[in-house]
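In what follows, a structure is listed as structure tokens, so that the remarks can point back to it.
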Amino acid sequence: MTIPAFGLGTFRLQDDVVIHSVKTALELGYRTIDTAQIYENEAAVGQAIAENGAARGDLFITTKIWIDNLSAEKLIPSLKESLAKLRTGYVDLTLIHWPSPGSAVSVKESMLALMAAKEAGLTRQIGISNFPIALMKEAIDAVGVENIATNQIELHPFLQNRQVVDFAKKNGLHITSYMTLAYGEALKDEVINTIAQKRKATPAQVVLAWAMKLGYAVIPSSTKRENLASNMTAVDLLLDDQDMANIAALDRHQRLVSPEGLAPDWD
């Protein structure tokens, strides 16, 4: 199982805005698109893909199951609704978006339902998102680490999430970074800007290249063609050990996404 290193995120983008973003990205050569049930943009994403005409086999589409749909009886029907909106017979990756608050639905139940969806051909791979170590262990116990394609977590220069990353690496579990640019705050950082000037790159390219060099997949979003094009070239930007060390030193455990009533007990 492999997760593409670079893709397009669609969080907070809806209607004509997300259609424009996805169509522009596809025109530029993006082939990996990340969405979710709770984003309420799956239908718009599906429309954008259909209007672009990209071959389905060339695309890697991810969606995420919302907490209301994590039970065994609801997960597959909700995924089928997502597929209808996305105008596809399958997605490449389906994630549990957030652990069930208060363990109302057990991790095991949701993971086994995801496995059933995979076995039914509705999704090629399955995974998790926003899972701390304790719940990663439960997911691994439920279906085996070999069946978990990734854990998608908030990860950026100011929150490097080393405990979770170390556990994942030790167990052979891939990490996808979301919020990699820290809502744009990382682009203002002096250290990152100094590296950008040295490398004749943009601050966004530096941060994305940093994350990818560490082995994480990244899914930055943008509505601007120039930024979408620029972000793509981060794949080819090479940072040296000193650059990486300088960014590593920026970690200040600054979590930006921790919704009350939804967030698990973070490591």
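Assorted remarks:
- Only one item in [x] 43; [y] 50; [z] 56 matches percent of Cα pairs over 25 Å apart derived from the coordinates shown, and that item is [x].
- When only Cα pairs below 8 angstrom with a gap of at least 6 residues are kept, the chain shows a relative contact order of 19 percent.
- Spatially proximal lysines relative to K137 (Cα-Cα < 30 Å; intrachain offsets below 8 disregarded): K64, K74, K80, K108, K118, K169, K170, K213
- At full extension, H253 and E73 could sit 61.1 nm farther apart than now, given 0.36 nm per residue minus the alpha carbon distance.
- Relative contact order computed over the range 112-267 (Cα-Cα under 8 Å; 6+ residues apart), in percent: 24 percent
- P(r) tail fraction, the range 163-228 - alpha-carbon pairs more than 19 Å apart, %: 39 percent
- In the chain, the DSSP-assigned H stretches of four residues or longer account for a calculated mean residue ellipticity at 222 nm of -12500 deg cm²/dmol, using -39500 (n - 2.57) per stretch and the full residue count as denominator.
- Evaluated with a Cβ-only charge set (Lys, Arg +1; Asp, Glu -1), the chain carries a dipole of roughly 380 debye about its Cα centre, given to the nearest 20.
- Sequence-separation-based contact order of the range 1-85, relative, with Cα cut under 8 Å and 6+ spacing, percent: 30 percent
- The value for the range 58-157 of Rg(Cα) / (2.2 N^0.38 Å) is 1.00.
- Under a Gaussian network description of the chain, with springs only between Cα atoms under 10 Å, the residue in A168, A36, A201 that fluctuates furthest is A201.
- Spin-label pair K188-K170: with each label point 7 Å from Cα along the Cα-Cβ axis, the two points sit 3.7 nm from one another.
- A Förster radius of 41 Å, combined with the Cβ-Cβ distance separating D240 from A263, puts the computed FRET efficiency at roughly 0.70.
- DSSP bridge pairs, the range 121-267: antiparallel proportion in percent, nearest 5: 10 percent
- One Cα centroid belongs to the range 129-203, the other to the range 31-61; the line between them spans 23 Å.
- Label-point separation in nm, Q14 to S106, each point 7 Å along Cα→Cβ: 3.6 nm
- Added length on full extension, which subtracts the Cα-Cα distance from 0.36 nm per residue, A5 to R56: 16.5 nm
- Measuring r between the beta carbons of R31 and E226 and using R0 = 30 Å, the FRET efficiency lands at 0.95.
- Among beta bridges identified by DSSP and lying wholly in the chain, the antiparallel ones come to about 5 percent.
Taken together, the values in this text are just the output of simple stated rules run on the coordinates, not laboratory data. Quantities reported herein were computed from a predicted structural model and do not represent experimental measurements. Please note: Cβ atoms are built from the backbone with ideal geometry, for glycine as well, and neighbour counts cover all protein chains shown.
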